[in-house]
Amino acid sequence: MKIFNTLTRTKEEFKPIHEGEVRMYVCGPTVYNFIHIGNARPMIVFDTVRRYFEYKGYKVNYVSNFTDVDDKIIKAANEEGVDTDTISKRYIAECRKDMEGMNIEPATRNPLATEEISGMIEMIQSLIDGGHAYVAKDGTVYFRVKSDPEYGKLSHKNMDDLESAFTERTLKVSGEDQKEDPNDFVLWKPMKPGEPYWDSPWCKGRPGWHIECSVMAKRYLGATIDIHAGGEDLIFPHHENEIAQSESANGVPFAHYWMHNAFLNINGVKMSKSLGNFRTVRQISEKYDLQVLRLFMLSAQYRSPLNFTPELMEAAKTSLLRIRTAAEAQEEALKKAEDRPLTEEEQKNLEQLKGYVAKFEAAMDDDFNTADAVSAVFELVRFSNSTVSGSSAKAYVRQVKDTMDKLCGVLGIITEVKEEMLDADIEKMIADRQAARKAKNYALADQIRNDLQAKGIILEDTKDGVKWRRA
Ligand code: AMP
Ligand code: ZN
């Protein structure tokens, strides 16, 4: 299995630290709003990576954090007049709902920054003791970048380039002139009025962003882990700084493989909160089954930029339907299929079936090329449609079905058709029912109510209008 390692900029053969085990850490979202579909890309991609390792027989220990203390969370809390905990808890719960919709396997652990403060203080102290960090006069603790001769090895930046970038701007801003070197970064910062804070040996305050991942990865996975992953915007400074902290504190390599997904763009422009051109996963779920979003994300290899367009989403919807139609046909065939030994032709077909599996695995073994893996699944779908029927041998149908389910399972695509209605369709039927009532067509109104009930949607007429819930 080959993985492109950002550290060496080459595809390398994967060798786990512990036989049969993968320990991976994926930087998770900052929870101050609903996640957008850009954030969903690393979630879907690295969940698929995990699923493929599991398919290959590895036990995967998968850790992904929630950053629940940060300037943006504080800002959102102030705007609403609530505390930061209210904001972060709310959006962690919403994020979990979205992840469930996207069929992301629950992580082995989702640590929260605010629950790991003592570990962060401990690591910062050990960095100070080792000469890798210092305390400025206002109590801010900085990492001393010059103490790490390897700083810049992940982003392939050299210190001279970094320094010349800094001479251009004034360091007086926000007290940065108290740094020994412009590249030094914050490990701990003093509180400002109205902000959440913790006691520390240096001042009442809170951690810088980078330290949480170094601490959580070590605590839950060990000082050296197999894979560390995230979006490509995290390479610098976040991951560069994580490496500097962890390797200076632990004296061993932090991660053997660094994986980074490319960005999701929208109409050719980077999608981000600051540009205001983002779509939340929740908005997409109003129009599409989130399995469509998942299939769309996997239609490109994770290191290629991906452009979000309505046309590509519609194409993914059609593709998902093709998979499910084939799965339905297999179910139907199984009901009628004959309990008899395989014909010679069916035996030959099974050889062909193995070919699709080999193609799928070759694509995934080549740095998780899901684009080609998805193509292999569609070849299998076509093959299933043309060889599976009610007159096939039961064992043959079963084999084709199991193979397709297994490969789709690696992609996190559920072949079973869930008869769950989309929110938008439900709202539309409720509006039709209201219109029928207004026109005194009570028979039609009742009919719509019954249709919804048959699909597990319960209506309640309240004084504030019609409310609905899933049974
Ligand atoms: P954040 O909440 O901004 O820290 O982002 C959480 C994760 O989403 C990180 O791994 C980011 O790199 C990733 N991410 C954010 N925006 C995008 C995007 N437009 N495309 C792909 N990944 C993204
Ligand atoms: Zn991180």
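On the accessible surface of the chain, probed at 1.4 Å, how many percent belong to carbon and sulfur atoms? Each step should come with its number before you reach the end.
Details: 11150 of 22210 Å².
Carbon-and-sulfur percentage of accessible area, whole number: 50.
Per 5 Å bin, what percent of the C-alpha pairs of segment 2-261 does each bin hold, from zero upward?
1, 6, 13, 16, 19, 17, 14, 9, 4, 1, 0
To one decimal place, what Kirkwood hydrodynamic radius in Å is obtained for segment 1-148 from all pairs of distinct Cα atoms?
18.1 Å
Work out the charge dipole of the chain with +1 on the Cβ of Lys and Arg and -1 on the Cβ of Asp and Glu about the Cα centre, then indicate which of 251, 341, 194 is farthest towards its positive end.
341
Based on C-alpha coordinates, I'd like the Rg and Dmax of segment 184-289, in Å.
Considering segment 184-289 through its Cα atoms, Rg and Dmax are 17.7, 51 Å.
Treat each spin label as a single point 7 Å out from the Cα along the C-beta direction, and report the residue 312 to residue 287 distance in nm.
Spacing of the two 7 Å Cα→Cβ label points: 1.4 nm.
Principal axes first, then extents: for the Cα atoms of segment 276-346, list largest minus smallest coordinate on each axis, whole Å, largest first.
Principal-axis extents of the Cα atoms in segment 276-346, largest first: 61, 28, 16 Å.
With each label point set 7 Å from Cα along the Cα-Cβ vector, what nm distance links residue 275 and residue 455?
3.5 nm
For the chain, which longest stretch is free of loop sites, where a loop site is one of the GluC sites (Glu not before Pro) that DSSP puts outside H, G, I, E and B and that has at most 16 other Cβ atoms within 10 Å? Each step should come with its number before you reach the end.
Numbers: sites that count: 19, 150, 168, 180, 416, 419, 420.
It runs 181-415.
Just for the Cα atoms in the chain, what are the lengths along the principal axes, largest first, rounded to whole Å?
79, 65, 37
Loop by DSSP (not H, G, I, E, B), at most 11 other beta-carbon atoms within 10 Å: where is the longest site-free stretch of the chain for trypsin sites (Lys or Arg not before Pro)?
Working: sites that count: 9, 137, 169, 172, 418, 440, 463.
By the stated rule (loop sites, at most 11 other Cβ atoms within 10 Å), 173-417.
Strictly over 18 Å apart at the Cα level, which of 72/273; 157/218; 428/463 would you flag in this model? Write down the numbers at each step before the final one.
Working: 72/273 11 Å; 157/218 25 Å; 428/463 20 Å.
Pairs exceeding 18 Å: 157/218; 428/463.
Show me the three semi-axes of the equivalent ellipsoid for segment 311-411, from the C-alpha gyration tensor (sqrt of 5 times each eigenvalue), largest first, rounded to whole Å.
Working: eigenvalues 123, 55, 17 Å².
Ellipsoid half-lengths, sorted descending, are 25, 17, 9 Å.
Can you give me the relative contact order of the chain as a percent, contacts being Cα pairs under 8 Å and 6 or more apart?
Working: 700 pairs, mean separation 76.6, N = 471.
Taking the mean separation of contacting Cα pairs over the length of the chain, I get 16 percent.
Output the Kirkwood hydrodynamic radius of segment 367-426, Cα pairs only, in Å rounded to one decimal. Intermediate values should be presented prior to the final figure.
Values: mean 1/r = 0.0750 Å⁻¹.
Evaluated over segment 367-426, this radius sits at 13.3 Å.
About the Cα centre of the chain, what is the dipole size in debye to 20, counting +1 per Lys and Arg Cβ and -1 per Asp and Glu Cβ, all else neutral? Display every interim value, and only then the final one.
On the way: 64 positive and 75 negative charges, 256 e Å.
Approximately 1240 debye in magnitude.
At q = 0.11, 0.13, 0.14, 0.18 Å⁻¹, what log₁₀ I(q)/I(0) does a Debye calculation on the Cα points of segment 247-392 give, no solvent, two decimals?
Those come out to -0.62, -0.78, -0.85, -1.11, one per q.
Accessible area per residue, 1.4 Å probe, Å², for segment 2-261: what's the number?
Values: 11060 Å² over 260 residues.
Ligands and nucleic acids excluded, the figure is 43 Å² per residue.
The values are calculated or read from the model by the stated rules, or taken from the named source; none is laboratory data. Computed from a predicted model, the values in this text were never measured in an experiment. All Cβ positions, even for glycine, are placed from backbone atoms using ideal geometry, and neighbour counts span all protein chains on display. The area values use the complete protein model at the heavy-atom level, side chains included, leaving out ligands, DNA and RNA. Shrake-Rupley method; radii C 1.70, N 1.55, O 1.52, S 1.80 Å.
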